[in-house]
1. Of the residues that make up region 119-140, is at least one modelled with pLDDT under 95, open to solvent by 60 Å² or more (accessible area, probe 1.4 Å), farther than 17 Å from Val97 by Cα and out of contact with any helix residue (DSSP H, G or I) (no Cβ under 8 Å at 6 or more places or on another chain)?
2. Within region 372-403, can you find the residues that are open to solvent by less than 50 Å² (accessible area, probe 1.4 Å), over 19 Å from Lys361 (Cβ atoms) and outside any loop (DSSP other than H, G, I, E, B)?
3. With crowded, with 17+ Cβ neighbours inside 10 Å, in a strand (DSSP E or B) and touching a Ser or Thr at 6+ places or on another chain (Cβ under 7 Å) as the only criterion, which of Leu87, Leu36 stands out?
4. How about region 155-182: which of its residues are among the basic types (Lys, Arg) and open to solvent by 40 Å² or more (accessible area, probe 1.4 Å)?
5. Could you look through region 205-229, keep only residues that are of a type in the set (Lys, Arg) and under 21 Å from Glu268 (Cα atoms), and pick out the one that is surrounded by the fewest Cβ atoms within 10 Å (Cβ to Cβ)?
6. Scan region 248-304 for residues that are touching a residue at least 24 places away in the same chain (Cβ under 8 Å) and basic (Lys, Arg) and report the count.
7. Name the residue that is surrounded by the most Cβ atoms within 10 Å (Cβ to Cβ), counting only residues in region 340-369 that are of a type in the set (Lys, Arg) and outside any strand (DSSP E or B).
8. In region 104-117, what residues are in a strand (DSSP E or B) and within 14 Å of Lys127 (Cα to Cα)?
Amino acid sequence: MKKTIIIIIIILLVIGGFLYFKKSPETSKEPNVFFLKNDDNKYLLFSEDGKRFSDVVYDDVLDYILSSTLVYRNSLVSIIDKKGKELAGPNEYDDIVRYAAFYKATKKDKNYLLDNNAKVITDVTTKEIYNFKGANNFVIVADNDEYIIYLYNGKKIKTFKRIDDNIPTVNALDNDVSIYYNEELIIFDANNGQILYDDKSDYQYCINDIKDDILLLNSCSTKDIIYKILKDQKMISLSDKCLEVSLNDQALECTMDDGLYLLNKDYESSLKIEGVNYRDENNYLKQNGEDVEIYENGKKVDTISQASLVNNGYQRDAYYIILKDNLYYYYDGKEEVISEGYDDAKLFMDNDLALVKKDGKEFLIDRKGKAVTKKYQSVAVYQDFYITLNESYGLLNHEGKEILKDIYDEITIHDNNYALITKGNHHLLYDIDEAKVLAETTSSIEIAKQYYKVDDTYYTYNGVEIYKQNKSE
């Protein structure tokens, strides 16, 4: 599925009076922390293993962006890191306002731009700071003569000579950013500041999609969209070849006047892929009327009569699926590899198991067609796990082994590691990785990323009690 062209926003998740903050690549060595909001509407800072980092309680807090955030106490504001250490506070500045991952700090009649660690970057008393919705890792600072792009760590990425009152236009996808001003296009990685492209351009180019080290770009505001590829700091135009370009999983697809084509490693149209299920330009299955043709190394090696392709487009797995005589069969591109036909069949996943259906029952098979589970009324795939249903619910792990027998009224997987289970009036929190029950109650269990709540008490997932509702600070 094509990614929506938006700037990724660090997510603020509000659950049960808690604020949870997702790690970014820049903060991967720092503790995962969250603020707990108590009955008095005050906030305390904890790590995921239950360590309390704040000696004080705060009247209000903002979500963390990268390594720091703003906290408020007694109508005064401070910047703290993820261990609760005050990086800048009311004794140092009269006021602090956040701009993305940066801060504007005021002292007497001076304003300063601070980086994410509260270090002064520059005096902005007579300058403007521009931040962009969701673009946390950089800002643009403007004075009368120039625009300067700063990274969250204070690094200067680019300076544009200011020629008018228009500010540079910005587009981003994930950590890659495209900025355009005065017919100059700069594309950089906002995670580390690496400049990927910097040259004159007639148009602003938006980042359409990303594949490994390839950026698919399209002109942002032209009547006829222009497509380009950026790789190894070189721009390759595709608009003389393609009316439209898209990424289908790991493959570049090109729409031409006469249909849809696969682009090869040289970005030339190679294989017409309408009605084709392909691994690459030389290995694919093609629907030809009522038959399916099998191609290996660019040559047709077999034809399956009176059959249909189940999938079209890029083929991730080694086994294709073909529908013949109302049954689904697996082929490896040369021949049938599992002789049995199924009422329904899914592609094999990275665990070398596939979900199939036979005689109204669903189960998992290996690449030899051997059933590795018993048969169920239904099997729901949830990332690395399978929730099974006969008369009741059960749970299988990534290898298809039974973790929980199918005896439960309800099973819900959370964050791929924990299952919330209900049987009668009993509720259990189950640690899937450790194969043990963390909590059991007849009232309720609430779970979030870093903690769970049993009745009135909050715990981290290593069993440390961090707060009880009837306690007071």
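The values are calculated or read from the model by the stated rules, or taken from the named source; none is laboratory data. Everything quoted here is computed from the prediction, not taken from an experiment. Don't worry about glycine lacking a Cβ; one is built from the backbone with ideal geometry, like all the others, and counts go over all protein chains shown. Remember, those area values only see protein heavy atoms, side chains included, never the ligands or the DNA or RNA. Shrake-Rupley method; radii C 1.70, N 1.55, O 1.52, S 1.80 Å.
1. Our first condition is that a residue be modelled with pLDDT under 95; within region 119-140, this holds for 131-136.
If we keep only those that are open to solvent by 60 Å² or more (accessible area, probe 1.4 Å) too, we end up with 131, 133.
Then keep just the ones that are farther than 17 Å from Val97 by Cα; that gives none.
The answer is no; no qualifying residue exists.
2. Phe385, Ile403
3. Working: Leu36 fails: touching a Ser or Thr at 6+ places or on another chain (Cβ under 7 Å).
Among Leu87, Leu36, only Leu87 is crowded, with 17+ Cβ neighbours inside 10 Å, in a strand (DSSP E or B) and touching a Ser or Thr at 6+ places or on another chain (Cβ under 7 Å).
4. Within region 155-182, the first condition is being among the basic types (Lys, Arg), and the residues that meet it are 155-156, 158, 161-162.
Lys155, Lys156, Lys161, Arg162 - these are the residues of region 155-182 that are among the basic types (Lys, Arg) and open to solvent by 40 Å² or more (accessible area, probe 1.4 Å).
5. Initial filter on region 205-229 (of a type in the set (Lys, Arg)): 211, 223, 228.
Filter once more, keeping what is under 21 Å from Glu268 (Cα atoms): 211, 228.
Details: Lys211: 15, Lys228: 20.
Once the filter is applied, the top-ranked residue is Lys211.
6. Within region 248-304, residues that are touching a residue at least 24 places away in the same chain (Cβ under 8 Å) and basic (Lys, Arg) number 1.
7. Residues of region 340-369 of a type in the set (Lys, Arg): 346, 357-358, 361, 367-368.
Filter once more, keeping what is outside any strand (DSSP E or B): 346, 367-368.
Numbers: Lys346: 20, Arg367: 16, Lys368: 8.
Filtering first and then ranking leaves Lys346.
8. We begin by selecting, within region 104-117, every residue in a strand (DSSP E or B); these are 104-107, 110-114.
Those that are in a strand (DSSP E or B) and within 14 Å of Lys127 (Cα to Cα): Lys104, Ala105, Thr106, Lys110, Asn111, Tyr112, Leu113, Leu114.
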